[in-house]
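A.B. asks: Quick one: the structure is below, questions incoming.
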Amino acid sequence: MKNIQKNMVKFVAKPLMVLSAILITSLSFAADYPEKGDFQKGAKAWAENCARCHNMRDPKDLRDDQWITTVFHMRVRAGLTGQKTRDILTFLQESNNPPQPVKISSRSSEANNPSNMTGKEVYEQTCIACHGKDGKGAVPGVPDLTIPEGVLSQSEEVLLAHIRDGFKSKNSPMAMPAKGGNPSLSESDLLNVVAYMKSQFKQ
Amino acid sequence: MKTIQTKRKVLLFTFSLMFTFCASADEKYDQLVNEVEALKKQLEQVQSVLEQYKQESITKAEVQELNQKIDDSVITKERVDDLEGEVAKSGEWNSPNTLIHMAGYANVGYSSDSESYSVGSFSPIFHYQYRDKVMLESELEITIDEDGSTDIALEYLTIDYFLNDYVTVVAGKFLSPIGQFRQNIHPSWINKLASAPPGYGHDGAAPLSDVGFQLRGGFDFDETSANYAFYVSNGPRLIAAQEHDDEFELEGVEAEGFSSDNDGKKTFGGRLGFLPFKGFELGLSFATGKATVTDVELEDDVHALKSLAFGTPGDEEGEEIDLHDEIARDYDVFGVDFAYQNNGFEVRGEYLKSKVGSADEGITASEGATWESWYTQSSYLIPNTRWEPVIRYSDFTSATESRSQQQWALGINYLFTNSFIGKATYEFNDGAFDTNADEDRWLLQLAYGF
């Protein structure tokens, strides 16, 4: 019995270690070009420029390296500046790599800490590109936050979970990335932006 | 007497005692019997389990063999270290200096005018990028003819050098930057209807592609931005048609990216785009240069186009026509386009006019000609659904009367995903009587961009 357990460990645990090593190593190898752009500006530029010609594509449609060639292709076609190209690429790649799940305990402690940004600041920097200044949605498929009994009528826990983990609305052609694609947002930032959206848009 | 009574008492006591012992012995016996029965049942169960275990268990030899196999296949710590090292090396492909990526689109469909299913095209796009300095882009167009044979065309092939943040040098065969439809809207997963507007296909008012150099880029201001594309190219060629009375007239402009310039006269052109506020773009296009007649269509057999570039086509009597001395005519294009998007609503439009001057010398000397086309299109992605109705009106005026056409096109699209679209389009066509340009039709299409 002891041998069987030992062999099970060899069979399962070590391959898992190797697989983990492969995944971690793959993720750690990202192209060192182009220079990193501005996430918030990239979100805005992505929403405003890509829809000029075609339907919005989900950041998860392509790998990080595939987004490099795709965005450079679009730089030529759409007449984007180099900086705008880097901003859009940064937004897409960071949206493509959702943050690691946060432990409940650290969430609680984080939520108790004072926030670095107000809900308004979070909304205007991260959410406004897709949800629009008026909350009615700036790109196809984004739900209208001002509708009574709409998405904002859900509980704070549900809204936080959707923002934290990402969410795809029914019939929407694209999904909102985790934390709106901005992994630097803290739990308290999310709490603040939920409160802000409810105060601003909920009828 | 007393003795007899005493004996009776003793006997009575003895019998009483014996009876008590007998009763006690019977209870113990029953208890023992029950215990034995229970043990017997337990023993049978144990034997059954043992028998089952014996049948299911593997032999010692098999255990040893299995252990050996396990030992042989087990990844030792050293092997794990080796693998991690190999993984680290293999991971380098994710950050090489050159990236390779294939994109593209394809579409299949059905057309009611031919009552046929068809493969529209398969258009793979290849990207090879060296860091953020240079990119090679190439698109093939693979189609199936009516006879089942496969055609492959090089839609474009360019080397893009990213000179700085504002200028990209594009060299090679490129889609014409005149207007919006050809360079950005025509891929089937982007075009919201199953057909191109009349005048925006082959031999229409809009040039399709060119071979030469471009400078492209954009500028950002506070809340506005602008983009540009200027080019110099070999330019188009002209087709003339021979009339019965030996006179000629211009039949069409071939603007499909020739790799040689038969008249040596370059064409210059470009487009300026302005985005004054969010969601709106206004574009102005122009081109000017020279173009020469290199092909002749015979009126009696217009479908049998003679391929006559620098050649000597036969006239109606079969005599050869020498096109070497045809003079270069003026070629000018003007266009304006706009597009506006707000959430799921979109409206766009485009006007293009191509004008070729007259020639009073040469075999094909004739009056000039003009091709003109405009369209406006509106679509709306219904909120919280995947349905998208579309309406478009187009008006194409060709130098060849039989090709002129007015068209209303109504469509309904279903977005399976954001790049996989099902389209149903109905065209109300109004053209020359009893021609394809006058025939209404259904078009069904599945388009996938990847």
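A.B. asks: Is it the case that A:PRO143 is more than 14 Å from chain B (Cβ to nearest Cβ) and outside any helix (DSSP H, G or I)?
C.D. replies: no
A.B. asks: From the list B:PHE274, B:PHE258, B:PHE221, B:PHE280, which residue is closer than 22 Å to B:THR158 by Cα and not small (Gly, Ala, Ser)?
C.D. replies: B:PHE258
A.B. asks: Step by step: first the residues of segment B:267-293, then only those that are within 14 Å of chain A (Cβ to nearest Cβ) and aliphatic (A, V, I, L, M), then the one that is farthest from B:ALA206 (Cα to Cα). Which residue is that?
C.D. replies: B:LEU275
A.B. asks: When you check B:LYS266 against the structure, is it within 17 Å of B:LEU175 (Cα to Cα) and either at pLDDT 95 or above or surrounded by fewer than 18 Cβ atoms within 10 Å (Cβ to Cβ) (or both), yes or no?
C.D. replies: Yes.
A.B. asks: Could you please let me know if B:TYR161 is facing chain A (nearest Cβ under 10 Å) and either surrounded by 21 or more Cβ atoms within 10 Å (Cβ to Cβ) or over 30 Å from B:ARG386 (Cβ atoms) (or both)?
C.D. replies: no
A.B. asks: Inspect all residues belonging to segment A:123-133 and state whether any of them is surrounded by fewer than 18 Cβ atoms within 10 Å (Cβ to Cβ), assigned to a helix (DSSP H, G or I), out of contact with any Phe, Trp or Tyr (no Cβ under 6 Å at 6 or more places or on another chain) and more than 14 Å from chain B (Cβ to nearest Cβ).
C.D. replies: yes
A.B. asks: Kindly check whether there is at least one residue in segment A:102-118 that is at pLDDT below 80, in a helix (DSSP H, G or I) and of a type in the set (A, V, I, L, M).
C.D. replies: Within segment A:102-118 (the criterion being at pLDDT below 80, in a helix (DSSP H, G or I) and of a type in the set (A, V, I, L, M)), the answer is yes, since at least one residue qualifies.
A.B. asks: In addition: Sort out which residues of segment B:361-385 are touching a Gly at 6+ places or on another chain (Cβ under 9 Å), in a loop (DSSP other than H, G, I, E, B) and within 14 Å of chain A (Cβ to nearest Cβ), and write them in order of number.
C.D. replies: B:LEU381, B:ILE382, B:PRO383, B:ASN384
A.B. asks: Which numbered condition trips up A:SER172, out of (1) out of contact with any Pro (no Cβ under 6 Å at 6 or more places or on another chain); (2) away from every other protein chain (no Cβ under 14 Å)?
C.D. replies: Among (1) out of contact with any Pro (no Cβ under 6 Å at 6 or more places or on another chain); (2) away from every other protein chain (no Cβ under 14 Å), A:SER172 violates only (2).
A.B. asks: Counting just the residues of segment A:78-93 that are touching a helix residue (DSSP H, G or I) at 6+ places or on another chain (Cβ under 6 Å) and among the charged types (D, E, K, R), which one comes out farthest from the other protein chains (Cβ to nearest Cβ)?
C.D. replies: A:ASP87
A.B. asks: Among the listed residues B:ASP322, B:ASP337, which satisfies the condition of being touching a residue at least 24 places away in the same chain (Cβ under 8 Å), charged (D, E, K, R) and within 14 Å of chain A (Cβ to nearest Cβ)?
C.D. replies: Exactly one residue qualifies, and that residue is B:ASP337.
A.B. asks: Can you confirm whether A:ASN97 is within 9 Å of chain B (Cβ to nearest Cβ) and either at pLDDT 90 or above or more than 23 Å from B:ASN164 (Cα to Cα) (or both)?
C.D. replies: Spelling it out, it is not the case that A:ASN97 is within 9 Å of chain B (Cβ to nearest Cβ) and either at pLDDT 90 or above or more than 23 Å from B:ASN164 (Cα to Cα) (or both).
A.B. asks: Does A:GLY180 satisfy the condition of being within 14 Å of chain B (Cβ to nearest Cβ), under 17 Å from the mean Cα position of the chain (by Cα), within 26 Å of B:ASN418 (Cα to Cα) and not hydrophobic (A, V, I, L, M, F, W, C)?
C.D. replies: Criteria not met by A:GLY180.
A.B. asks: Which of (1) in contact (Cβ under 8 Å) with a residue 40 or more places away in the chain; (2) away from chain A (no Cβ under 14 Å) is the odd one out, the single condition B:THR150 does not satisfy?
C.D. replies: Checking B:THR150 against (1) in contact (Cβ under 8 Å) with a residue 40 or more places away in the chain; (2) away from chain A (no Cβ under 14 Å), the one that fails is (1).
A.B. asks: Same structure again: Condition check: surrounded by fewer than 24 Cβ atoms within 10 Å (Cβ to Cβ), under 30 Å from B:TYR414 (Cβ atoms) and either touching a Leu at 6+ places or on another chain (Cβ under 6 Å) or within 11 Å of chain A (Cβ to nearest Cβ) (or both). Does B:HIS186 satisfy that?
C.D. replies: Considered against the rule, which asks whether it is surrounded by fewer than 24 Cβ atoms within 10 Å (Cβ to Cβ), under 30 Å from B:TYR414 (Cβ atoms) and either touching a Leu at 6+ places or on another chain (Cβ under 6 Å) or within 11 Å of chain A (Cβ to nearest Cβ) (or both), B:HIS186 comes out as yes.
A.B. asks: Would you tally the residues in segment A:56-77 being more than 7 Å from every other protein chain (Cβ to nearest Cβ) and not charged (D, E, K, R)?
C.D. replies: 5
The values are calculated or read from the model by the stated rules, or taken from the named source; none is laboratory data. This is a predicted model, so every value here is computed, not measured. All Cβ positions, glycine included, derive from the backbone under ideal geometry; neighbour counts span all protein chains shown.
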